[in-house]
Amino acid sequence: MFHQFLDCVYQLLCQFPERFEFNEKFLIEMHYHVYSCQFGTFLFNSEKERVQYDVMASTNSLWDYINSKAEEFTNESYDGGAKDKEEMGDGAVLFPKTRTSDLKYWAGLFDKRSICVRCVTIHACDSRHGDRRLEFVSILHRWQWRRRQQGERR
């Protein structure tokens, strides 16, 4: 269940990168440490149970670890919602795109590569992403070739 929640947050992060103070690495680290047993942060079902079993005294906190490496988990695109505050005040609400085609496979979590046409299009002019664009074009051409081959067999 927590994995699904993190995936939802990741989708929002992808669609509204300037609205989140943390980055993808933060979400990946959270996902990893839910199962790592290195911290007591996610033990038990409630704060009441964590207090009852004195988890804070006998385990380390994930938040202490995260705060000690805050610069690694900070989103460089974060603007604090400045643009939205100008337009709507403090009541700005995120309205994410929810069509399946608008959702992105979370490749970073599974250490895989992702093909995101929107990201390649945005960064096509940026020389830092030139190799990524060429790789995408190569993958796209192979995919199109396979589709044509499959169509000819029918």
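Per-structure values
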| read-out | value |
| --- | --- |
| Full-extension gain in nm, S68 to Q150, via 0.36 nm per residue minus C-alpha separation | 24.3 nm |
| The stretch 1-38: GluC sites (Glu not before Pro) in DSSP coil with no more than 14 other Cβ atoms inside 10 Å | E21 |
| Kirkwood-based shape ratio for the stretch 8-68, expressed as Rg/Rh from alpha carbons | 1.06 |
| Simple label model, 7 Å out from Cα along Cβ direction - E76 to F16, nm | 2.3 nm |
| Under-5 Å amide H pairs with F22, H placed in peptide plane, nonlocal only | N75 |
| Residue order, fewest to most beta carbons within 10 Å, for F95, F16 | F95, F16 |
| Burial ordering of H31, H3, fewest other beta-carbon atoms within 10 Å first | H3, H31 |
| R99, R146 arranged by Cβ crowding within 10 Å, fewest neighbours leading | R99, R146 |
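FYI, it's all coordinate maths here, none of it is from the lab. Predicted model, so just to flag it, every value in this text is computed and none were measured. Reconstructed Cβ throughout: ideal geometry from the backbone, glycine too, with neighbour counts over all protein chains shown.
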